[in-house]
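The values are calculated or read from the model by the stated rules, or taken from the named source; none is laboratory data. Given the structure is predicted, the values throughout are model-derived calculations rather than measurements. Please note: Cβ atoms are built from the backbone with ideal geometry, for glycine as well, and neighbour counts cover all protein chains shown. Accessible surface is based on the protein model in full, side chains and every heavy atom, while ligands, DNA and RNA are left aside. Shrake-Rupley method; radii C 1.70, N 1.55, O 1.52, S 1.80 Å.
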Amino acid sequence: MPNRPSNREPNVGGDPPRSRWSREQAAGIERTPETVAPIIYPPESTPAKDVHVWDTWLLRDRHGRLADLDGWRVVFSLTAPKDLLPGKRHDVARIRYFYSRDGRQWHDGGPVFDGGALGQRQWAGSALYDDGDVYLYYTAAGTEGAAELTYTQRLAGASGGKVTTTDSSLSIDGPWTHRELLRPDGEWYETEPQSRGMIYTFRDPWFYEDPETGEVCLLFEANAPVPAGSDRCGGDPARQEFNGAVGVAVSPSGDPMEWELRPPILESVCTNQELERPHVVYWEGRYYLFVSSHMHTFAPGIEGYDALYGFVADSLGGPYRPLNDSGLVVTNPHNAPFQAYSWMAFPHREEILVESFFNYFDFAGDSLDEIAHLSEREQRRRFGGTLGPTIRLGVDGDRTRVLGTLDHWHIPTLNEPLPDFDVDDPAGAVP
Ligand code: FRU
């Protein structure tokens, strides 16, 4: 990712025209050969035999590049014991790390925290390697110490991680200092009591330093408050409950543990409730903002899919326009509509690569609710619970195209050349 010296003012946090993902744009969501990923088959092996693995992120440096630690690279994943029903994993999620030299063979480093993390469990985040220190950003889900499972979400950070390497292993150790970084303010970002519909969101912090302005930012998933009686969405309360937003905070001092909220950079009020795991790829002088979202979080009257959605702008603060007109970038085939989720894009040579986890396969139902009616054995059998094949994406301005896939868990090094794909049948090429 180029890191140009800055001669521009910070652009996040003024009073930007808030970008919207409108119902009209989302109405154009439709599977096309450019947006559908190939069908996924279970891998022969996985580095994590005893745990389900889902949301995963890379250890990156301040410039967004994959951190190179004496030839090792690291990913962090949400994990839960495999003997749990897959749907229960969110209630006990813990962050583990995996490390690899070649980006194909991964070793399980175990849970990254040894107690002390905030929340009853930890949900998704991001990780920064800066000057020898590891910072881990995560969602503190639930209130620590509460007797019942709660759904409160706060953005948290842990500092103090150190990396030790040998020829055959890598380890990340504390002592970690955990700190609550942000909670919703009720004005730009909906609080739990303000929420009117599904479970509110305030999660998935993602560290990003703007390569043009040098501004140090934390993106996150949130909801925009829409008070009862508002005239938004034509005054329709059923649509108003779908109020997703991509939030942002800045660190004026550059300190990775000090943040101030700013207004959202994108919202999807009346369109969609969850803009999950927002992250940006700086590509050919533009900002590509990606989010994951679900079929069931689109507002009534809009048909969307479990998919990676994307937006592009000339500055980090926006204004953003949806990629491919509707926002749809990568989705699952119609006969396996839940086979992957929680996509994460990162630049690689002339392409953008997209990693995701292998979710429910061998299941063509209309809704994930139908999974709950299957026997426990069938629910387990159909859950991938590991990383899916890495998707190769071609990007040209406002258009994207699925080119093909790499193997499950293949995360190439910075300059690793990738196999050619078949230009006549690009998505069919599975090297
Ligand atoms: C996406 C997600 C994230 C959250 C995590 C919880 O898969 O909903 O937004 O952090 O799962 O398990």
Q: Could you pull out every one of the aspartates and glutamates with an alpha carbon less than 14 Å from that of Lys49, ignoring same-chain neighbours closer than 8 positions?
A: Asp83, Asp108
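Relative to the compact-globule scaling 2.2 N^0.38 Å, provide the ratio for the alpha-carbon radius of gyration of the stretch 289-425.
Values: Rg = 16.1 Å, N = 137, 2.2 N^0.38 = 14.3 Å.
Against the empirical 2.2 N^0.38 Å value, I get 1.13 for the stretch 289-425.
Once you compute Rg and the Kirkwood Rh from C-alpha atoms, what is the Rg to Rh ratio for the stretch 134-196?
On the way: Rg = 16.3 Å, Rh = 14.1 Å.
Radius of gyration over Kirkwood radius for the stretch 134-196 works out to 1.16.
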Q | Paired Rg and Dmax values of the chain, which use every Cα atom, in angstrom | A | 20.1, 63
Q. Direction-averaged shadow area of the convex hull around the Cα atoms of the stretch 84-157, nm²?
A. 6.4 nm²
(Q) When only alpha-carbon atoms are used, what values of Rg and Dmax, in angstrom, describe the stretch 264-369? (A) 14.0, 42
Q. When the distances between all Cα atoms of the stretch 24-70 are binned every 5 Å from zero, what whole-number percent does each bin get?
A. 4, 12, 10, 12, 14, 20, 17, 8, 3, 0
Q: Could you pull the Rg and Dmax for the stretch 8-87, using just the Cα atoms, both in Å?
A: 19.9, 52
Q | 10 Å-binned pair-distance histogram of the stretch 43-144 (Cα, whole percent) | A | 15, 46, 31, 8, 0
Q. What is the Å³ per residue value for the convex hull set by the Cα atoms of the stretch 214-263?
A. 84 Å³
Q.
What figure, in Å² to the nearest 10, do you get for the accessible area of Lys82 with a 1.4 Å probe and non-protein molecules left out?
A. 70 Å²
Q. Cα convex hull of the stretch 148-241: mean projected area in nm², to one decimal?
A. 10.7 nm²
Q: Run the quick spin-label model on Met198 and Ser230: label points 7 Å from Cα toward the beta carbon, then report their separation in nm to one decimal.
A: 1.7 nm
Q | 5 Å-binned pair-distance histogram of the stretch 234-294 (Cα, whole percent) | A | 4, 16, 18, 20, 19, 12, 7, 4, 1
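Mind listing which GluC sites (Glu not before Pro) in the stretch 18-62 are in a DSSP loop and have 16 or fewer other Cβ atoms within 10 Å?
Values: sites: Glu24, Glu30, Glu34, Glu44; in loops: Glu30, Glu34, Glu44.
Listed in order of number, the matching sites are Glu30, Glu44.
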Q) Quick one: if you take sqrt(5λ) for each eigenvalue of the C-alpha gyration tensor of the stretch 213-327, what semi-axes come out, biggest first, whole angstrom? A) 26, 18, 11
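With all protein chains present and a 1.4 Å probe, how do His63, His296, His408, His348 order by accessible area, largest first? Could you put the intermediate results ahead of the total?
On the way: His63 55, His296 110, His408 30, His348 10 Å².
Ranked list, largest accessible area first: His296, His63, His408, His348.
Please give the calculated 222 nm ellipticity per residue for the chain, where each DSSP H segment of at least 4 residues contributes -39500 (n - 2.57) and the sum is spread over every residue; nearest 500 deg cm²/dmol?
Details: 3 runs with 14 residues, N = 431.
Helices in the chain give a 222 nm mean residue ellipticity of -500 deg cm²/dmol.
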(Q) Could you tell me the calculated FRET efficiency between His63 and Glu303, based on Cβ-Cβ distance and R0 = 41 angstrom, to the nearest 0.05? (A) 0.60
